[in-house]
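Undergrad: Below is one structure. I have some questions about it.
The values are calculated or read from the model by the stated rules, or taken from the named source; none is laboratory data. The model shown is predicted, which means the values in this text are computed figures rather than measured ones. Cβ coordinates were reconstructed from backbone atoms using ideal geometry, including for glycine residues, and neighbour counts include every protein chain displayed. Keep in mind that these areas ignore ligands, DNA and RNA; they rest on the heavy atoms of the full protein, side chains included. Shrake-Rupley method; radii C 1.70, N 1.55, O 1.52, S 1.80 Å.
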Amino acid sequence: MELRTLSTFLRIAELQSFSKAAAELNYSQAAVTIQIHELEKELNTRLFDRIGKRIALTQQGECFLQHARRIIEEVNHAKQAVSEDSALNGSLRIGTVESLCATRFPELLTTFHQLYPQVSLCIKTAAPDQLLTMMDHNELDLVYLLDSKRNHKNWIKVFEAPEEIVFAASSQHRLAASKQLKLNDLLDENFILTENNVSYRHALDQQLYAQQKTIDPYLEIGNTDFIIGLIAADMGISLLPKFTIEEAVAKQSISILPVSDFQLISWRQIFYHKNKWLTREMEAFLKIALEL
């Protein structure tokens, strides 16, 4: 049993395709097929079900996958142990939501680049469902999102933390000095909200629907920084993650509105796919992300 055969097996399982794995590993498809055939012969079991052009791991394949991954990871750790000073120079594809990209990522990416300047980074922003689908299709290595709690048998969650979602207005707004407000007090205000596919906007709409209430924003936009700028200019009020406005609150340009009958918690979460090799680049990024 050769390491290159195990690597081929893992890549096929990750991409769910013999042809894609062959192209990525620079093998012919015939060579990949032969490697897997020899591996199945050696193990005396079938690792993949082949139905038309689609493949899927058999139950035995799923079991062998865990062992194969551990073997390759141990080999990689052994290589790293004798070359600890070798600089990271691979690539990293990260998916995140716009609110995190605008607030958390500048410091995170600055720190990462200072430590690992040779790593090529690609950051993509989208709605949580889109990001997770991209991860499932191996288009992203890591997903860092703000959403309701997400769990799936195919995902490994390495981080989870609650974040308060709050109503915010300019410190000059007439409601900013209020000691206590009710949701009804806000319904007739000018609202600037994120788009419908954003998790906390969806949660707001659901809570309002349950109470037979509605908010009709005069502006919907996905850019968190733009919304914060409009709020600070007293152009309306909004619903935003508390961490996105902490700096503006500290500068007293924005105030959090104390709405007593509304509470909303969202969750920062980081995932990678269970079939994904945890590369040194991924480990380095996760270490920084968990410390900041």
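Undergrad: Kindly flag which residue pairs out of Lys242/Lys287; Lys124/Lys179; Lys157/Lys213 have an alpha-carbon separation exceeding 31 Å in this structure.
TA: As for pairs spanning more than 31 Å Cα to Cα, those are Lys124/Lys179; Lys157/Lys213.
Undergrad: Compute the projected area of the convex hull of the Cα atoms of the stretch 238-292, averaged over all viewing directions, and report it in nm² to one decimal place.
TA: Convex hull of Cα atoms, orientation-averaged projection: 6.1 nm².
Undergrad: Calculate log10 I(q)/I(0) of the chain for q = 0.12, 0.13 Å⁻¹, where I(q) comes from the Debye formula with a single equal point scatterer on each Cα and nothing for solvent.
TA: After summing over all Cα pairs, the log10 values are -0.85, -0.93.
Undergrad: Within the chain, what's the longest run with no GluC sites (Glu not before Pro) in a DSSP loop and at most 14 other beta-carbon atoms within 10 Å? Give the range, please. Mind showing how you got there, number by number?
TA: Working: sites that count: Glu2, Glu84, Glu139, Glu195.
By the stated rule (loop sites, at most 14 other Cβ atoms within 10 Å), 196-292.
Undergrad: While we're looking at this one, here's another question. Sticking to Cα atoms, compute the Rg of the stretch 50-165 to one decimal and its Dmax as the biggest Cα-Cα distance, whole number, in Å.
TA: 17.4, 48
Undergrad: A further question follows. With a point put 7 Å past each Cα toward its Cβ, work out how far Glu62 is from Leu25 in nm, to one decimal.
TA: 2.3
Undergrad: How tilted is helix 29-43 with respect to the longest principal axis of the chain? Cα atoms for both, answer in degrees (0 to 90, nearest 10).
TA: 80
Undergrad: Still on this model: Using r as the Cβ-Cβ distance of Ile51 and Tyr218, and R0 as 45 Å, what FRET efficiency do you calculate, to the nearest 0.05? Provide the component values of the computation, followed by the final result.
TA: Working: r = 52 Å, r/R0 = 1.15.
Taking R0 as 45 Å, the efficiency between Ile51 and Tyr218 is 0.30.
Undergrad: Which trypsin sites (Lys or Arg not before Pro) in the stretch 229-286 sit in a loop by DSSP (not H, G, I, E or B) and have at most 11 other Cβ atoms within 10 Å of their own Cβ? All intermediate terms of the calculation are to be shown ahead of the outcome.
TA: On the way: sites: Lys242, Lys251, Arg268, Lys274, Lys276, Arg280; in loops: Lys251, Lys274, Lys276.
For trypsin sites (Lys or Arg not before Pro) across the stretch 229-286 that sit outside H, G, I, E and B with at most 11 neighbouring Cβ atoms in 10 Å, the list reads Lys251.
Undergrad: Is the stretch 23-79 rounded, prolate or oblate when judged by the Cα gyration tensor, a ≥ b ≥ c being the square roots of its eigenvalues, rounded requiring a/c under 1.5 and prolate requiring a/b larger than b/c?
TA: oblate
Undergrad: Next question. Pop out the carbon and sulfur fraction of the accessible area of the chain as a percent, whole number, probe 1.4 Å.
TA: Ligands and nucleic acids excluded, carbon and sulfur give 49 percent.
Undergrad: Let me ask you something else. Placing unit charges on C-beta atoms (Lys and Arg positive, Asp and Glu negative, everything else neutral), compute the dipole magnitude of the chain about its Cα centre in debye, rounded to 20. List each step's numbers first, then the result.
TA: Working: 30 positive and 37 negative charges, 147 e Å.
Once rounded to the nearest 20, the dipole reads 700 debye.
Undergrad: In terms of modelled amide H atoms, which long-range or inter-chain residues lie less than 5 Å from the amide H of Ser171?
TA: Sorted by chain and number, the residues that satisfy this are Ile254, Ser255.
Undergrad: On to the next question. Excluding Ala23 itself, calculate the net charge of residues whose Cβ lies under 14 Å from the Cβ of Ala23, where each Lys or Arg counts +1 and each Asp or Glu counts -1.
TA: Value of the local net charge: 0.
Undergrad: First check a/c for the stretch 188-276, with a ≥ b ≥ c the square roots of the eigenvalues of its C-alpha gyration tensor; if it is under 1.5, answer rounded, and if not, answer prolate when a/b is larger than b/c or oblate otherwise. Before the final figure, lay out each step's value.
TA: Working: a/c = 1.74, a/b = 1.24, b/c = 1.40.
In terms of gyration-tensor shape, oblate.
Undergrad: Related question: Relative to the longest principal axis of the chain, what angle (0 to 90°, nearest 10) does the C-alpha long axis of helix 280-291 take?
TA: With rounding to tens, the tilt is 30 degrees.
Undergrad: Could you check the simple spin-label distance between Lys182 and His113, using points 7 Å along Cα→Cβ, in nm with one decimal?
TA: Label-label distance for Lys182 and His113, simple model: 5.0 nm.
Undergrad: Send over a whole-number figure in Å² for the accessible area per residue of the chain, probe 1.4 Å.
TA: 54
Undergrad: Once you place label points 7 Å from the Cα toward the Cβ at Arg4 and Ser260, how far apart are they in nm?
TA: Using points 7 Å along Cα→Cβ, the separation is 7.3 nm.
Undergrad: Find the percent of Cα-Cα distances in the stretch 170-240 that exceed 16 Å, and round it to a whole number.
TA: Summing the P(r) tail past 16 Å for the stretch 170-240 gives 49 percent.
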